[in-house]
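So the structure is just underneath, and the comments pick up after that.
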Amino acid sequence: MHSMTGYGSANDQVIPYEINVEVKTLNGKFADVRLKIPSELNSLEMDIRSLALNIAKRGKIELHISLDSHSVDDNLCEIDEKVFKAYYHQLSRLADSLEFEKNDILSSIVRLPGVVKIHELTIDDSLKSAILQCVEKALVKLDEHRKTEGEVLKETLEGNILRITENQKEVENLDDERIKSVKDRLQQSLEKNISAEQLDSGRFEQELIYYLDKLDITEEMVRLKQHCEYFLEEINADEILKGKKLNFISQEIGREINTLGAKASHSEIQRYVVQMKNELDKIKEQLANVL
């Protein structure tokens, strides 16, 4: 089992650049890849997205790539001397004619259009390959982190299901008492309102069987047990994407628990039903983070 939230990072160096990749994922019903990369890497966007979807699968995927240069030459900006001189001579003449100080001329000139030219980042095949490999490493680490978190989720969910089945066993142990209590209550009500001479015992037995059949919880108990077993099977299955399927199973578990509560007519059983609902709510909260 994998958690939907996780983090991974990787770095590499292709002289003169250092590649840094960070990726994190958050809960999300669908795959949503958000990239923050230098504009020079736009040609790699589809490849990066494909890698992210292949490994991260689902959730909000935020991936950031930065390229840092350790070469002085690469970090320097180029100044167009011809343009600079032209600006300087014109501003100097203006300063002389207008009689103001020339102290700030140099800092002003470098901000003028065309004076400073920033070196463009050149992405060759070796750098592209290194970037994609670095992205893949970060995603693999993300996957490992998700798996570790998923094991914790798995143990928690197994504990929730175990407590549901334990409460179900308590309900099962009380079922005979519940049926007897219903029979006694109906018998007492009948005797209180109808005399023994007027009582049709055969008709009473038929009505009692019909009424008890309406309150029978055998099928719900069987299905609830089956759904819980299926849930545990899916938790331990090799399939990575299982969050949605587990959600569907939890909905079926909820239906059976709700029906038990509606049919119970027994205060102690209702308490166990409430406890099962509480465990189911915890399951639903945890499933929001299952891949």
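Here, each number is a calculation from the coordinates, and none is a lab measurement. As the structure is a computational prediction, the values presented were derived from the model and not from experiment. Neighbour counts run over all protein chains shown; Cβ positions are idealised from the backbone, glycine included.
Structure notes:
- Peptides 40-47, 84-91, 166-173 ordered by average Cβ neighbours within 10 Å, highest first: 166-173, 84-91, 40-47
- Cα centroid separation, region 158-180 to region 1-73 (Å): 49
- Net charge dipole, region 2-74: roughly 780 debye, given to the nearest 20, about the Cα centre with Cβ charges of +1 for Lys and Arg and -1 for Asp and Glu.
- Modelled this way, with points 7 Å down the Cα-to-C-beta line, the labels at GLN133 and GLU172 are 5.8 nm from one another.
- Residue by residue, region 139-149 carries 3J(HN,Hα) couplings of 5, 5, 5, 4, 4, 5, 5, 4, 5, 4, 5 Hz when phi is fed to the Karplus relation 6.51 cos²θ - 1.76 cosθ + 1.60 (θ = phi - 60°); x denotes Gly or Pro.
- Summarising the label geometry, the points placed 7 Å from Cα in the beta-carbon direction at ARG271 and LEU162 lie 2.3 nm from one another.
- Placing dummy labels 7 Å off each Cα toward the beta-carbon, the span from GLU40 to PHE100 is 3.8 nm.
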